[in-house]
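Quick notes on the structure that follows.
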Amino acid sequence: MREMLIILFSAILVDNFVLSRFLGICPFLGVSKNVKTAMGMSMAVIIVMVIASALTWPVQAYLLSPLNLGYLQTGVFIVIIAALVQIIETFLKKAIPSLYKALGIYLPLITTNCAVLGVTILNVDQNYTFFESVFNAAGAGLGFMLALFLFSGVRSKVDRADIPKFMKGLPITLVSAGLVSISFFGFKGLIEKLFS
Amino acid sequence: MSPRRKTLMQEFNKGLLRENPVLRLLLGTCPTLAVTTTVKNGIGMGLAATFVLIGSNLMISMLRKVIPDKVRIPAYITVIAGFVSIVQMLIQAYLPDLNKSLGIFIPLITVNCIILARAEMFANKNPILPSVIDGLGMGIGFTSALVLMGGIREIIGNGTFFDMPLPVLQAGGWIEPTIIMILPPGGFFVFGVLIAFANYLSEKLDKRDKSQIDPLADSCVGAINEKAACAMCGACSIGTRFREEEGFKDKSGHQPEVK
Amino acid sequence: MSKDNGYMPAIILTIIVLITTGLLAFTSSITQATRDAQAVAADNANRTLICPLASTFEPVELALDSLDTTGVSEAYLVKDDQGAILGYLYKSQFRGYAGDVPVLVAIDSNNMIIRALALENGETPGLGKKIADDSFIGQYVDLDATKVYTVKPNETDKVLLDSIAGATISSNAVTHAVNQASALHLQIASEVK
């Protein structure tokens, strides 16, 4: 259990997917304009990440690795993710319309979100077990949410600041993302202290 | 074809600055930030993506009359994933050092918005030769942006260029290396400043030759340049088109794209 | 029948998938040998860096219940080209500032540490990454593996080594990894005798 917690917290704070690994930058910049959309997108990402990790792990362990089909990994994983997103979308639409209304618009964007494919491939690269993979995915998703949540707050201030014209919009957004990323340096070393 | 038919040279040129995929269209931001700690990585990533771009543009342009509209996106993704896996295996076999430093970002070329966006916006509407040229131009534009970022970060952050130490920038020289530049925050800083510079330059160019201004037919691209926030261009257009096909109407008036 | 009706989209998509898979299998088969060779070369590069005279690395079985293998993931019996035993090689890791820091440790049959080598890690460039510098990692050359080392001055029961200024956690990770390797080595060595 301790190992699981270490993986979870490392993925959230130390190796934050957005600010330290640079995965999922596109939605990070795209939907961080206000807290509501940021939360919607993050929820959708967390759900897809966890389920995608739970699905790709057995595929890799019982199909691709034993049959020596490693070269199909990228293709198979992206197909699984795309299909999963489609299924979740259809399911939500039929079963929980209210949730679909909240998350539905973000779901199609997730297929091309590199953080989702990234977490499934990282699970394989790190030789994680099934549960470690799921915890890693949950951590990655929560880390994504934390980064988006914090950053949407920063952005609402930055957007109203008086800055040079050519820095307006994305340039200043990126510079402030850099500052948020520096603040996450404070978490490094934390895991070592917490669990030793 | 429309009256403003472009020559092949223009197809090639547009990727370099005016529609530079990284600095103007803001596609493929993840690898741009992640692998540009050195010039070498930038070139490696850029060339790998260029190969995939040319290959997928070629294949999709060839198959544009064969692929049914309904399964268009899955077919593109299959083709792109195929080329990415081929590149991955070649890099593993012949460039192990590059494989180590690019790591997970090689398979992630599959979901690089640039490639899907070019397939969706260009290759499936144009003949083979322009598509290949478009892929080449976009690829070189991507590579040059990556090399520029890698160069700046490596020189300031590590005091080296192409792994060659620059004596004045080493510890003990005039300026100590500023390590933050090769750490994640430095990526954000350099990228932000470069985009600001590209915007400035592009504005100047537009003023100089007003006649050539492209009205940016694609609303998504226009939106990006205006609002400069939607980096999910490929995803945006695909997302909205999925919905149109399904007759999806969101009552609350939400759009997948942010303003 | 038009390409957009009935089963045609599915059929065409399947054909595209099959052709792509075929091409991948082909590329895979022609690059397989080179890729495998590269993987082996990469593994051996670090090992021969630490034991230049070695010619074979025989894996040591670590799954035995009698062994406490905490933190050590690989162990090898190192032999030179005459078949004489040069010592043991361990791959040990301990949590550093940003994730695990893996360290290769070579220990000879007289329980002396031949050398240690910090492998790829996520430590901060310019600070924690200095564990790879000879001024730090070189401290381990010819140390007694039966002793326990530390970089923290308050742990007076252990032998104190210099730590890197500003990177105590990274320094501690390497020291701890070496200690883990030594601990396992003493168990293995005693079993062999």
Limited to the stretch A:29-66, what total is found for residues that are buried (at least 16 other Cβ atoms within 10 Å of the Cβ), not in a helix (DSSP H, G or I) and not polar (S, T, N, Q)? 2
So if I check each of C:A167, C:A145, which one is on the phi < 0 side of the Ramachandran plot and in contact with a Ser or Thr (Cβ under 7 Å, 6 or more places away or on another chain)? C:A145
Which of the residues belonging to the stretch C:39-72 are of a type in the set (A, V, I, L, M) and either closer than 21 Å to C:V174 by Cα or part of a loop (DSSP other than H, G, I, E, B) (or both)? C:A45, C:L49, C:I50, C:L53, C:V60, C:L62, C:A63, C:L64, C:L67, C:V72
Subset of the stretch C:30-66 [polar (S, T, N, Q) and within 10 Å of chain B (Cβ to nearest Cβ)]: C:T31, C:Q32, C:T34, C:Q38
Can you find, within the stretch B:95-111, the residue that is nearest to the other protein chains (Cβ to nearest Cβ) among those that are of a type in the set (S, T, N, Q) and either farther than 15 Å from A:L117 by Cβ or out of contact with any helix residue (DSSP H, G or I) (no Cβ under 6 Å at 6 or more places or on another chain) (or both)? B:N99
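This table checks each residue for (1) modelled with pLDDT of 90 or more; (2) assigned to a helix (DSSP H, G or I); (3) more than 13 Å from chain B (Cβ to nearest Cβ).
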{"residue": "A:I78", "(1), (2), (3)": "yes, yes, no"}
{"residue": "A:Y100", "(1), (2), (3)": "no, yes, no"}
{"residue": "A:A115", "(1), (2), (3)": "yes, yes, no"}
{"residue": "A:N123", "(1), (2), (3)": "yes, yes, no"}
{"residue": "A:N127", "(1), (2), (3)": "no, no, yes"}
{"residue": "A:S133", "(1), (2), (3)": "yes, yes, yes"}
{"residue": "A:A147", "(1), (2), (3)": "yes, yes, no"}
{"residue": "A:L150", "(1), (2), (3)": "yes, yes, yes"}
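Residue-wise test of (1) among the hydrophobic types (A, V, I, L, M, F, W, C); (2) assigned to a loop (DSSP other than H, G, I, E, B); (3) surrounded by 14 or more Cβ atoms within 10 Å (Cβ to Cβ).
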| position | (1), (2), (3) |
| --- | --- |
| C:V103 | yes, no, yes |
| C:A106 | yes, no, yes |
| C:L117 | yes, no, yes |
| C:G126 | no, yes, yes |
| C:P153 | no, yes, no |
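Inside the stretch B:68-77, can you point out the residues that are crowded, with 22+ Cβ neighbours inside 10 Å and at the interface with another protein chain (Cβ under 9 Å from one of its Cβ atoms)?
Matches in the stretch B:68-77: B:A75, B:I77.
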Kindly evaluate A:F185 against the criterion of being within 17 Å of B:P185 (Cβ to Cβ), surrounded by fewer than 24 Cβ atoms within 10 Å (Cβ to Cβ) and modelled with pLDDT under 85. yes
If you go through the stretch B:43-71 one residue at a time, how many are out of contact with any Asp or Glu (no Cβ under 8 Å at 6 or more places or on another chain), touching a residue at least 40 places away in the same chain (Cβ under 8 Å) and of a type outside the set (G, A, S)? 13
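Would you be able to say whether some residue in the stretch B:118-126 is of a type in the set (A, V, I, L, M, F, W, C), away from every other protein chain (no Cβ under 13 Å) and in contact with a Pro (Cβ under 6 Å, 6 or more places away or on another chain)?
No, because not a single residue in the stretch B:118-126 is of a type in the set (A, V, I, L, M, F, W, C), away from every other protein chain (no Cβ under 13 Å) and in contact with a Pro (Cβ under 6 Å, 6 or more places away or on another chain).
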When A:S176 is evaluated against the numbered criteria (1) modelled with pLDDT under 90; (2) in contact with a Lys or Arg (Cβ under 8 Å, 6 or more places away or on another chain), which criterion, by number, is the only one it fails? (1)
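Report, by residue number, each residue of the stretch C:19-37 that is of a type outside the set (V, I, T) and more than 14 Å from B:F83 (Cα to Cα). Before the answer, list the steps.
Start the filter on the stretch C:19-37 by keeping residues that are of a type outside the set (V, I, T), which leaves C:22-26, C:28-29, C:32-33, C:35-37.
Once the filter is applied, which keeps residues that are of a type outside the set (V, I, T) and more than 14 Å from B:F83 (Cα to Cα), the stretch C:19-37 yields C:S29, C:Q32, C:A33, C:R35, C:D36, C:A37.
The values are calculated or read from the model by the stated rules, or taken from the named source; none is laboratory data. Fair warning: this is a prediction, and the values are worked out from it, not measured in the lab. No Cβ is skipped: glycine too gets one built from the backbone with ideal geometry, and neighbour counts run over all protein chains shown.
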